[in-house]
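Have a look at the structure below, then the notes.
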Amino acid sequence: MKFDAIGIMEAIGGRLLSGSLTKELGSICSDIKDLQRGQWFIALPDDRTDGHDLLHEAFDRGAIGCIVVDNRRYPFLDVESQNSLPILIGVPSTLHAYYQLAILSRKIINPKVIAITGSSGKSTTREMLCNILSIAYKTHAAETSRPDARGLAKKLLELPDSTEVLVVELSQRGRGQIAWLAAGMSPDIAVITNIGLAHLETLGSIENIAAAKCEILESLSLETGLAIIGDENDLLTERANLVFAGGRISTFTQADIEVVGVKPNSTLFVISGSDTLFDLNSHGVAYLRDAWCAINCARQLGLPDYKIAEGLRRYDPERGRGNKTVGRNGATIVDESYSANPDSVRSSVCAFLDTRAFPQLRKFIVLGAMLELGEASADIHAKLGQWLSTQSFECLITIGETAAQITRGANGANFKAFASINAIEAYRLLAATVDENTSVLIDGSDCPELRLLVQLLTAADADVQIIDKISKTI
């Protein structure tokens, strides 16, 4: 989306601080490294740099003008002649202005909008849905892992004019953030994949987590909107019905899906009321619920089940979301390390222990810490260990002090358990024993240690020199 000076000022309520109005059109850029001649530069504050310190570089790179905070002093405005001054447009908040421009872009292009949130499964549902919808529609995806929305704004400002469906993923760290993001998106369909103990540190209780996720429903049209809930949790369904009272709500139940076959590379299932066979390149109930959410979104947009099944077959798990590789000594490595909460780990373990999906006789589970659990973290990790002690596999390895609580909770289990300090130690425990009859599940909240372990186990020749070289990058 391209803007001229007047269009920018009208959209964000800005005022001209210097220079003269121009009709030159340009897109918006927030990263000085990406700025090209003929773009507008918007000066955003960040942890490391402040865009206001880069204005001279922006003009040297050929920026049409810059969008800045108007209550700061800019020394080069103190000269007498305004004719030679660069264009500066002032606003109270450049971050707010950035999102306003993004919302304007979304309104002008006017695609159908599907907004997704949840404690886990957001990215997986988004990717499944984009694979499905791209068969019939020009589909664009956007996400933000930051509550200040700059990542989402950047994606929206890059929307192709031809976009027919926009799939947005909304995250939050506190109350009110999803409501603010969703209000700008005005979604046609809102998806809540599930609620769990993720964000317990910032939201304090499962009730507050349910309330925060249901903020996405506040922006749905009662007449035309659809809420899709991929979780049978009573707290979530009660809150959803309260927030979206009178609106259409579709809620997942176990009876909606029947698994008809499990293979090492996929799960075959049918959905109640349809004779179409769906083939999903993943295992476990969590991924099936994400697929159910994606399928129902596609149905709402008019796609027939046979087309949806065709698109779903294209889904290929991203790094850390259950993808499999052949690793050390022919062992099967299952990478679930992108994110984790107690419910998602239990789901991953249950899927991993299904011999139809993972027929290897020897199974090792490696767990890192689950983050954002607040003061209850130690107890939650220990309870996960207690649950694991009821399962049957060969060995549990944890990485780091927080995850060591899982090992302590599994005291007395019928499997071996080790609390390792880091990825190197965990690798050395595994390297000496894994073979082609072994599968290894690696799960936890995304961190360098888990990524390193996956890298070591899947390296072509992970000898001592490679280990020492990689360990220095941690």
Could you tally the net charge around Y98, taking each other residue with its Cβ under 9 Å from the Cβ of Y98, Lys/Arg +1 and Asp/Glu -1? +2
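Within 10 Å of each candidate Cβ there may be at most 16 other Cβ atoms; applying that plus a DSSP loop requirement, which GluC sites (Glu not before Pro) in the stretch 284-352 survive?
Working: sites: E310, E318, E336; in loops: E318.
Passing both the DSSP loop test and the Cβ count: E318.
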Starting from the Cα of E164, step 7 Å along the direction of its Cβ; do the same at V260; then give the gap between the two resulting points in nm. 2.8 nm
With a 1.4 Å probe and all protein chains left in place, how much of the accessible area of the stretch 86-148 comes from carbon and sulfur atoms, in whole percent? 51 percent
Sorted by accessible area (1.4 Å probe), largest first, how do E143, E258 line up? E258, E143
Name the residues of the stretch 321-355 whose amide N is less than 16 Å from a point 7 angstrom out from the Cα of L235 along the C-beta direction? 341-344
Restricting things to Cα coordinates, could you compute the convex hull volume per residue of the stretch 190-347 in Å³? 127 Å³
Heads up, I need the accessible area for L222: 1.4 angstrom probe, whole protein in place, Å², nearest 10. 90 Å²
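Which sequence of L453, L21 reflects their accessible areas, 1.4 Å probe, from the largest down? Present the calculation step by step, with values, prior to reporting the outcome.
On the way: L453 0, L21 95 Å².
From most exposed to least exposed: L21, L453.
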Whole-percent carbon and sulfur share, accessible surface of the stretch 373-446, 1.4 Å: 45 percent
Between N411 and C350, what is the label-to-label distance in nm when each label sits 7 Å out along the Cα-to-Cβ direction? 2.8 nm
Taking Rh as the Kirkwood radius computed over alpha-carbon pairs of the chain and applying Stokes-Einstein at 25 °C with viscosity 0.890 mPa s, one gets a diffusion coefficient in µm² s⁻¹ of 101 µm²/s
Do you know the relative contact order of the stretch 137-260, to the nearest whole percent, from alpha carbon pairs under 8 angstrom that are 6+ apart? 21 percent
Could you state how much accessible area T325 has, in square angstrom rounded to the nearest 10, with a 1.4 Å probe and all protein chains kept in place? 60 Å²
Sequence-distant or interchain residues sharing an amide H contact under 5 Å with V113, placed H: which? L166, D188, I189
How much length is gained on full extension from T224 to E207, taking 0.36 nm per residue of separation minus their Cα-Cα distance? 3.4 nm
A chain fully extended from I6 to D50 at 0.36 nm per residue, minus the present Cα-Cα distance, gains in nm 13.3 nm
Distant-in-sequence amide H partners of R248 (H built 1.01 Å from N, under 5 Å): A227
Length-normalised contact order for the chain - Cα pairs under 8 Å, 6+ apart - percent: 11 percent
M128, M1, ranked by accessible area, largest first (probe 1.4 Å): M1, M128
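Quantify, in whole percent, the carbon and sulfur part of the accessible surface of the stretch 256-358 (1.4 Å probe; protein heavy atoms only).
Whole-percent figure for carbon plus sulfur exposure: 46.
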Which whole-Hz couplings ³J(HN,Hα) result when phi for each residue of the stretch 322-339 is put into the Karplus expression 6.51 cos²θ - 1.76 cosθ + 1.60, θ = phi - 60°, listed in order with x for Gly and Pro? x, 6, 10, 9, 8, x, 3, 6, x, 5, 8, 9, 10, 9, 10, 8, 5, 7
The pairs in K363/K416; K263/K363; K23/K112 lying past 22 Å Cα-Cα in this model are K23/K112
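The values are calculated or read from the model by the stated rules, or taken from the named source; none is laboratory data. As the structure is a prediction and not an experimental result, all values here were calculated from the model. Here Cβ is always computed from backbone atoms with ideal geometry, including for glycine, and neighbour counts include all displayed protein chains. The area values use the complete protein model at the heavy-atom level, side chains included, leaving out ligands, DNA and RNA. Shrake-Rupley method; radii C 1.70, N 1.55, O 1.52, S 1.80 Å.
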